[in-house]
Amino acid sequence: MQIQAHEVDLTTPTGPMRCYVYRPKDGGAAKPRQYPAIILYSEIFQQTGPIRRSAQIMAGHGYIVIVPEVFHELNPIGTVLGYDDAGRDKGNADKVAKTLEAHDSDTQAIVDYAASLPYYAGSVGAMGFCLGGGLAYRAALNPAIAATSCFYATDIHSGMVPSQPGNDSLGRTGEIKGELQMVWGKQDPHIPAAGRALVYQKLSDAGVNFTWHEFNGVHAFMRDEGERFDAELQLLGYQLALSLFRRALY
């Protein structure tokens with residue numbers, strides 16, 4: 001499918017949030033064809049080239065893909081951080097400056113926006129990478145989210161993103177009602193084996209409907225920029241996510 005894109009600024013309790021929206025092109029019919037939506041959460045760097053291309057790939061398979069600026073309260077609209085030391089330092093500082101509760105209200109604003117679109121089919125999922133994998137896991141707590149794909153999700157096991165007492169994502173795992181997909185690199189130092197095992201145990205104990213995929217890969221193997229990129233694993237990752245969303249959202 002060919003795709004089209006636009007930008008929208010959504011109102012949230014913590015300020016305006018720029019979102020980038022990708023979807024299949026209209027075919028010229030009087031009534032637009034409807035598609036499921038996917039909220040795609042970025043790394044700490046916001047919408048970089050690799051994140052935009054990920055959104056375009058998913059949209060080209062028949063989805064409305066909405067990419068929020070995850071740190072909209074902390075940066076001017078349109079901010080993209082570099083894949084360098086300065087970008088990592090700023091992104092990591094933003095990560096601990098924004099609460100999970102603020103991310104929750106962002107997610108609800110996107111869910112509400114999707115529901116207002118004439119080309120929305122009525123089902124919504126979430127996916128994300130690195131920080132965004134953790135935010136997708138958090139979004140799965142929202143009852144509107146029917147399916148979630150998390151790639152090397154950071155901070156779930158460590159609780160590094162701040163929240164109110166008792167409101168951490170891991171502790172609320174049992175509230176996830178949709179289908180969940182967890183994808184990891186076994187050589188990822190950011191989520192060691194013990195951290196992955198903790199998440200697996202919580203999901204199992206809570207009876208969540210989930211699949212678990214571990215590959216011989218490093219952190220950010222899906223990012224098609226830089227030395228960590230693994231093209232074979234990226235293709236496998238997209239196939240997993242697309243299979244999940246095709247089954248659960250259509």
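The values are calculated or read from the model by the stated rules, or taken from the named source; none is laboratory data. Note that the structure is predicted; figures quoted are calculated from it, not measured. When we count neighbours, we look across all protein chains shown, and the Cβ atoms used for this are built from the backbone with ideal geometry, even at glycine.
Among the residues of segment 17-34 satisfying the criterion of being in contact (Cβ under 8 Å) with a residue 40 or more places away in the chain and surrounded by 15 or more Cβ atoms within 10 Å (Cβ to Cβ), which is nearest to T79 (Cα to Cα)?
Looking at the filtered set, the residue picked out is R18.
Looking at (1) in contact (Cβ under 8 Å) with a residue 12 or more places away in the chain; (2) not in a helix (DSSP H, G or I), which is the one condition that is false for G174?
(2)
Which residues, counting only those in segment 1-16, are part of a loop (DSSP other than H, G, I, E, B) and either closer than 20 Å to P76 by Cβ or of a type in the set (A, V, I, L, M) (or both)?
Across segment 1-16, the qualifying residues are M1, T11, T12, P13, T14, G15, P16.
Among the residues of segment 137-155, write down those that are of a type outside the set (S, T, N, Q) and in contact with a strand residue (DSSP E or B) (Cβ under 8 Å, 6 or more places away or on another chain).
Correct list: Y137, A139, A140, A144, I145, A146, A147, C150, F151, Y152, A153.
Considering only segment 187-228, state which residues are at positive phi and under 21 Å from the mean Cα position of the chain (by Cα).
Scanning segment 187-228 gives A220, G226.
Can you list the helices (runs of 4 or more DSSP H) found entirely within segment 55-167 that contain at least 2 residues being modelled with pLDDT of 95 or more and surrounded by fewer than 20 Cβ atoms within 10 Å (Cβ to Cβ)?
Per the criteria, 85-97, 100-115.
Kindly evaluate Y152 against the criterion of being on the phi > 0 side of the Ramachandran plot, under 17 Å from the mean Cα position of the chain (by Cα) and hydroxyl-bearing (S, T, Y).
It is true that Y152 is on the phi > 0 side of the Ramachandran plot, under 17 Å from the mean Cα position of the chain (by Cα) and hydroxyl-bearing (S, T, Y).
So which residues in segment 186-216 are in contact (Cβ under 8 Å) with a residue 40 or more places away in the chain and either farther than 22 Å from L244 by Cβ or of a type outside the set (V, I, T) (or both)?
H190, L198
Considering only residues that are in contact with a Lys or Arg (Cβ under 8 Å, 6 or more places away or on another chain) and closer than 28 Å to V124 by Cβ, look in segment 218-250 and name the one that is surrounded by the fewest Cβ atoms within 10 Å (Cβ to Cβ).
D224
Please find, within segment 177-231, the residue that is farthest from P143 (Cα to Cα) out of those that are of a type in the set (D, E) and part of a strand (DSSP E or B).
Looking at the filtered set, the residue picked out is E214.
Among the residues of segment 36-53, write down those that are more than 20 Å from H72 (Cα to Cα) and in contact with a Leu (Cβ under 9 Å, 6 or more places away or on another chain).
Within segment 36-53, P36, A37 qualify.
Does at least one position in segment 186-193 carry a residue that is among the charged types (D, E, K, R), in contact with a helix residue (DSSP H, G or I) (Cβ under 8 Å, 6 or more places away or on another chain) and surrounded by 15 or more Cβ atoms within 10 Å (Cβ to Cβ)?
Within segment 186-193, not a single residue is among the charged types (D, E, K, R), in contact with a helix residue (DSSP H, G or I) (Cβ under 8 Å, 6 or more places away or on another chain) and surrounded by 15 or more Cβ atoms within 10 Å (Cβ to Cβ).
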